[in-house]
1. Taking the chain as a Gaussian network, where each spring joins two C-alpha atoms under 10 Å apart, which residue of S29, S39, S13 fluctuates the most?
2. Taking 0.36 nm per residue of sequence separation and subtracting the Cα-Cα distance, how much length would be gained by fully extending the chain between A4 and E45, in nm to one decimal?
3. Only loop residues by DSSP count here, and only those with at most 15 other Cβ atoms within 10 Å; note down the GluC sites (Glu not before Pro) in the chain that meet that.
4. Whole-Hz Karplus ³J(HN,Hα) for segment 37-47, in order, using 6.51 cos²θ - 1.76 cosθ + 1.60 and θ = phi - 60°, x for Gly and Pro?
Amino acid sequence: MINAESLVSDVLSQHPTVWGVFLRYGMCSSCQEAPPPVSIQHFVEKHVGGDINQFLSELTEAIN
């Protein structure tokens, strides 16, 4: 199950269908080339403006 502590790099490698969600929220090109081993919470705080529930919901929808 994906949660706020899941690593971006792990989520992207295990669930490639979620790439679009990360790209919509501004994942930079260098992170696209080498996804960072940071938590989803960190990504959300930096790129999404802190709405972790919405972001996790979109990831879950992209997986299903």
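Read the figures in this text as sums done on the coordinates, not as results from a lab. These numbers were taken from a predicted model, which means no experiment stands behind them. Heads up, the Cβs are rebuilt from the backbone with ideal geometry, glycines too, and the neighbour counts pull from every protein chain shown.
1. S29
2. That works out to 13.7 nm of additional length.
3. E5
4. x, 10, 6, 4, 4, 4, 4, 5, 4, 7, 10
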